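The values are calculated or read from the model by the stated rules, or taken from the named source; none is laboratory data. Just so we're clear, the structure is a prediction, and the values are computed from it rather than from any experiment. A quick note on method: Cβ atoms are made from the backbone with ideal geometry, for glycine too, and the neighbour counts reach across all protein chains shown. Quick note on the areas: whole protein, heavy atoms, side chains included, nothing else; ligands and nucleic acids left out. Shrake-Rupley method; radii C 1.70, N 1.55, O 1.52, S 1.80 Å.
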Amino acid sequence: MTAIDPTAHLTADQIEELGRELDAIRDEVIADRGEKDAAYIRRVISAQRKLELVSRGVLLFSIFPPAWLIGTAGLSVAKIMDNMEIGHNVLHGQWDWMRDPKIHSTTWEWDHVSPSDQWKHSHNELHHTYTNVIGKDNDLGYGIMRVDEDQKWHPFHLGQPLWNFLNACFFEYGIAAYDLELGKNLTKRRRKSPEFRARAKAVGRKIRKQVLKDYVIHPLLSGPSFLPTLAATFTANLVRNLWTHSVIMCGHFPEGVQVFERRSIRGETRGQWYLRQMMGSANISGSKAMHFMTGNLSHQIEHHLFPDLPSNRYAEVAVKVRALFEKYELEYVTGPLPKQVFSAWHKVFRLALPNRQHEVRTPDREQDLIAA
């Protein structure tokens, strides 16, 4: 929490009016979505599948350096497309209105070690409901980082730049562990829970499936190119993990993004929920290609306001949302990718160190931090 509340100038009536204006923006898109949007996602899925197939085909000859470079680059892009613009957004239900059983949040499975149903629970139900609420939103630091000056510092936090880097390199596995809520489920009693054991087995099955596909079958099909193909697949997964982690870091960690106490959401209204999404997210500016490769999560503010709207509509929505920020005198946190990445990592390093000055905590604030 910042010392000065950047929304303190808004009255309760203004916040609810803001909510009504945002509802109107959402309703307008829902009424207008149609065949053009459906054609977009079908085109993207087709392009991704063709790119992955061609890239894996090229890697059959990856013993030759040019084939390795082309195949690895193509497979990296294909994996990013699968996770970001397709998987993430399909699993949000953005395309459920099409009533296409092949492109639906209840049937889609992605190229990721975390089973889609577990990810939907931790991400859609928890993260998007309790965005940036300390002790409620586990996306805040993924349980391994200090994310607020008022959180009690421990020597463990000195290593959080390293923990964050390792998490970035193996991000899909970090997400799977996060979806399992390992931090609270590793106690002996919780490990014996039938529910947890079933979820852990599901993750194990998904990991085996991914490893078999990427690191056994495809390399074996490459024959004499086995080792180069193995290295290429590992590199493609690494690139996808680093990119995905960077985009997500830029959406919630840069300086200027707000975090919230648990008590602040008691009795939260629709308008107040909208306002928390606006102040708890940040955007990335850039080209259409950059927006596409982020899964349009470069429009993180708009995505958190309207997580179920088609991702290809966020750019047009952003113009109207930004106008509301200006109308209500709120800071629209945005910037180019290098700036946002630097800002997020600067915060990681800054909070790895103890505060320079002692801060007095209220009993309510202390309870929130203990829970976090």
*Would you mind checking the tilt of helix 12-32 against the longest principal axis of the Cα atoms of the chain, expressed as 0 to 90 degrees and rounded to 10?*
30 degrees
*Would you grab the residues whose amide H sits under 5 Å from the one on residue 285? Only those 5+ places off in sequence or on another chain, please, with H modelled 1.01 Å from N.*
335, 337
*So, how do all the Cα-to-Cα distances of segment 157-267 break down into 5 Å bins, in percent, from 0 on up?*
2, 10, 13, 15, 16, 16, 14, 8, 4, 2, 1, 1, 0
*In degrees between 0 and 90, to the nearest 10, how far off the longest principal axis of the chain does helix 270-279 point, with axes built from Cα atoms?*
70 degrees
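Roll a 1.4 angstrom probe over the protein heavy atoms and tell me the percent of accessible area of segment 121-222 that is carbon or sulfur.
Details: 3350 of 5280 Å².
Solvent-exposed carbon and sulfur of segment 121-222 make up 64 percent of the total.
Please list 72, 106, 269 from largest to smallest accessible area, probe radius 1.4 Å, with all protein chains kept in place.
Values: 72 10, 106 105, 269 50 Å².
In descending accessible area the options line up as 106, 269, 72.
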*Where nothing but the Cβ of Lys and Arg (+1) and of Asp and Glu (-1) is charged, how large is the charge dipole of segment 148-285 around its Cα centre, in debye to the nearest 20?*
1060 debye
*Which Cα, out of 333, 158, 254, lies furthest along the positive dipole direction of the chain (beta carbon charges, K/R +1, D/E -1)?*
158
*Charge dipole magnitude, Cβ of K and R +1, D and E -1 - segment 23-74, Cα centre, debye nearest 20*: 420 debye
_Mean accessible surface per residue for the chain, computed with a 1.4 Å probe while every protein chain stays in place, in Å²_ = 48 Å²
*Under the Karplus relation 6.51 cos²θ - 1.76 cosθ + 1.60, θ = phi - 60°, what is the ordered set of whole-Hz ³J(HN,Hα) values for segment 213-221, x standing for Gly and Pro?*
5, 7, 10, 10, 4, 4, x, 5, 5
*Amide H partners (placed H, <5 Å) of residue 150, local residues excluded*: none
*Can you tell me the 0 to 90 degree angle between the C-alpha axis of helix 35-58 and the longest principal axis of the chain, rounded to 10?*
50 degrees
*Calculated diffusion of segment 41-128, Stokes-Einstein form, Kirkwood radius summed over Cα pairs, 25 °C and 0.890 mPa s, µm²/s*: 174 µm²/s
_Rounded to whole Hz, the Karplus (6.51, -1.76, 1.60) HN-Hα couplings of segment 105-117, x for glycine and proline_ = 5, 8, 10, 6, 10, 10, 7, 7, 6, 8, x, 4, 5
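Evaluate the Kirkwood expression for the hydrodynamic radius of segment 127-178, namely the inverse of the mean inverse distance over all pairs of different C-alpha atoms, and round to one decimal in Å. Present the calculation step by step, with values, prior to reporting the outcome.
On the way: mean 1/r = 0.0847 Å⁻¹.
Roughly 11.8 Å, rounded to one decimal.
Which shape class, rounded, prolate or oblate, goes with segment 1-75 when its Cα gyration tensor gives a ≥ b ≥ c as root eigenvalues, a/c under 1.5 marks rounded, and past that a/b bigger than b/c marks prolate?
oblate
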_Under the Karplus curve 6.51 cos²θ - 1.76 cosθ + 1.60, θ = phi - 60°, whole-Hz ³J(HN,Hα) for segment 306-318, x wherever Gly or Pro sits_ = 9, x, 9, 7, x, 4, 6, 9, 5, 4, 6, 5, 4
_Unit charges on C-beta of K, R, D, E only; dipole of the chain, Debye_ = 1760 debye
_Neighbour net charge for residue 216 - beta-carbon separation under 14 angstrom, K R +1, D E -1_ = +3
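Within the chain, what's the longest stretch lacking trypsin sites (Lys or Arg not before Pro) that sit in DSSP loops with no more than 11 other Cβ atoms inside 10 Å?
Values: sites that count: 99, 102, 192, 266, 356.
Longest site-free region, per DSSP loop and neighbour criteria: 1-98.
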*Can you give the accessible area of residue 61 in Å² (nearest 10), computed on protein heavy atoms with a 1.4 Å probe?*
120 Å²
*Tell me the GluC sites (Glu not before Pro) within segment 306-348 that lie in a loop according to DSSP and have at most 15 other beta-carbon atoms within 10 Å.*
329, 331
_Distant-in-sequence amide H partners of residue 280 (H built 1.01 Å from N, under 5 Å)_ = 258
*asked:* Given the C-alpha atoms of segment 244-331, compute the convex hull and give its volume per residue in Å³.
replied: 107 Å³
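Given Cα pairs under 8 Å that are at least 6 residues apart, what percent is the relative contact order of segment 110-230? The partial results should precede the final answer.
Details: 80 pairs, mean separation 35.0, N = 121.
The value is 29 percent.
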*Cβ-defined net charge surrounding residue 44, 12 Å radius [Lys, Arg +1; Asp, Glu -1]*: +1
_Unsatisfied cross-links (Cα-Cα over 30 Å) in the set 120/327; 102/327; 288/347_ = 120/327; 102/327
